[in-house]
Amino acid sequence: MLEAIMSLGGIGLSAAVALGFAAKKFAVEIDPRELAVLEVLPGANCGACGYPGCGGYAKAVVAGQAGPADCPPGGAGAAEKIANILGIAPVSADPQVAVVLCQGDNAKAQAKYRYLGLHDCNAAQKIADGPKACPGGCLGLGTCARVCPFGAIEMTAEGLAVISREKCTGCRKCVAACPRSVIRMTPLDATVHVLCNSTDKGALVRKYCQVGCIACQICKKTAPEAYVIENFLARVTYEHHQLAAPAVEKCPTKCIRDFVDGYPEGSSFAPPTCGVAPGAAA
Ligand code: SF4
Ligand code: SF4
């Protein structure tokens, strides 16, 4: 019995010595600046900086592999604090927000077929390039809303993703998640946007969407510096977005909107329903 106790004790002692030695030998030194940077980050671990989580970014920024302004959710505030920690000149990041460039919800846009599969935009997109007749329109299954770490995306009752300008931190998670590339990053101070993502000719757009851009050029004629038309699609030239507002009322399809209150007027929100049927064929 005594022998067994002594033997167990010996094993325990050797293990403790070995562990203590390993802890010293293999200890990873953490630069205190890394911890300080971590403290000023939002802690969302969203990956918008391009690193695996806030810890990865803190390490990279201290190592000089990332810039102080490379954390979009942290914005200018975090960038300034990080620059102070590193003792370098503050760099200002241009704040951006994500916008869904589409208004073609179930009531306003046609479908090619009725989709009753997995409630996921990427899954729907894999079946004949998605159920929406418009190849660039929002599929309305809310994949973007589910990946947003900040709860900034809501789905309207009619199946359209809409992003809150107030809640969006510019992390770009939704941009990466959307299979239709319908979400774009835009300057925070620009409130006027062309909410269309179709590059089809106007005559075709008219057939499948009531609110798509038909490339009629009226916006460009109204505010020449503020708009360009490319591939049958108008877009705001954000360098001159301050001049874009007069075209909002002139656009015949009302696809130019001013997000004066954070959302385009008339948005109605409700949890997404299962299966998208935008103007679905029976
Ligand atoms: S914006 Fe993209 S990811 Fe979001 S609901 Fe529309 S298609 Fe799906
Ligand atoms: S006025 Fe409207 S429909 Fe015409 S090109 Fe401009 S955005 Fe498109």
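Across the accessible surface of the stretch 52-108, with the other protein chains kept in place and a 1.4 Å probe, carbon and sulfur atoms take up 53 percent. With a cut-off of 14 Å on the backbone N, the residues of the stretch 188-230 near the modelled label site 7 Å out from Asp258 along Cα-Cβ are 190-194, 223.
Between Ile256 and Leu195, the built amide H atoms are under 5 Å apart, and every one of these is 5 or more places off in sequence or on another chain. Rounded to whole numbers, the Karplus 3J(HN,Hα) couplings from phi for the stretch 35-52 are 5, 5, 5, 4, 5, 8, 7, x, x, 7, 6, 7, x, 5, 6, x, 10, x Hz, using 6.51 cos²θ - 1.76 cosθ + 1.60 with θ = phi - 60°, and x at Gly and Pro.
Along the Cα-to-Cβ line of Glu239, 7 Å from the Cα, sits a label point; which residues in the stretch 189-204 have backbone N less than 20 Å from it? Zone members listed by number: 189-194. Under the simplified labelling scheme, the Val228-Lys201 pair shows an inter-label distance of 2.4 nm, with each label point 7 Å from Cα along Cα→Cβ. Direction-averaged projected area, Cα convex hull, the stretch 24-105: 7.1 nm², rounded to one decimal.
The stretch 89-124 and the stretch 170-225 have Cα centres separated by 11 Å.
For the pair Ala89 and Leu188, the difference between a 0.36 nm per residue extended length and the Cα-Cα distance amounts to 33.3 nm.
Compute the Cα gyration tensor for the stretch 50-190, then decide on rounded, prolate or oblate, letting a ≥ b ≥ c be the square roots of its eigenvalues: rounded whenever a/c is under 1.5, prolate when a/b is larger than b/c in the other cases, and oblate in all that remain. Prolate, since a/c reaches 1.5 and a/b exceeds b/c. Per-residue surface analysis assigns Ile214 an accessible area of about 30 Å², computed on protein heavy atoms at 1.4 Å probe radius.
For the stretch 30-69, what class follows from the C-alpha gyration tensor (a ≥ b ≥ c being the square roots of its eigenvalues): rounded when a/c is under 1.5, otherwise prolate if a/b is larger than b/c, else oblate? Oblate.
Positive end of the dipole of the stretch 104-256 (Cβ unit charges, origin at the Cα centre): among Ile127, Phe232, Ala152, the Cα lying farthest that way belongs to Ile127.
Per residue, the solvent-accessible area of the stretch 51-140 (1.4 Å probe, heavy atoms of protein chains only, all protein chains present) comes to 44 Å². Scaled against 2.2 N^0.38 Å for its residue count N, the alpha carbon radius of gyration of the stretch 140-183 is 1.01.
Counting only heavy atoms of protein chains, what accessible area per residue, in Å², does the stretch 163-262 have with a probe of 1.4 Å?
The answer is 50 Å² per residue.
Given R0 = 51 Å, the distance between the Cβ atoms of Asp120 and Gln65 translates into a calculated FRET efficiency of 0.90.
Using the Karplus relation 6.51 cos²θ - 1.76 cosθ + 1.60 with θ = phi - 60°, the per-residue 3J(HN,Hα) values for the stretch 166-176 come to 6, 8, 5, 9, x, 6, 6, 4, 5, 4, 5 Hz, with x marking Gly and Pro. Hey, can you grab everything whose amide H is under 5 Å from the amide H of Tyr227? Only 5+ residues off in sequence or another chain; H modelled, so Pro and N-termini drop out. Here the answer is Thr237, since their amide H atoms fall under 5 Å of that of Tyr227.
Percent of C-alpha pairs per 10 Å bin in the stretch 144-244, short distances first: 15, 39, 36, 10, 0.
Eigen-decomposition of the gyration tensor built on the alpha-carbon atoms of the stretch 187-255 gives equivalent ellipsoid semi-axes of 20, 11, 11 angstrom, largest listed first. In percent, rounded to a whole number, the relative contact order of the stretch 20-121 is 18, using alpha-carbon pairs under 8 Å and six or more apart.
Nearest 0.05, what FRET efficiency do Val147 and Ile127 give at R0 = 25 Å with Cβ-Cβ as r? Here the calculated transfer efficiency is 0.75.
The values are calculated or read from the model by the stated rules, or taken from the named source; none is laboratory data. Just so it is clear, the model here is predicted, and its values are computed rather than measured. Because the Cβ atoms are built from the backbone with ideal geometry, glycine has one as well, and the counts that use them run over all protein chains shown. Side chains are part of the model used for accessible areas, which takes the heavy atoms of the whole protein and leaves out ligands, DNA and RNA. Shrake-Rupley method; radii C 1.70, N 1.55, O 1.52, S 1.80 Å.
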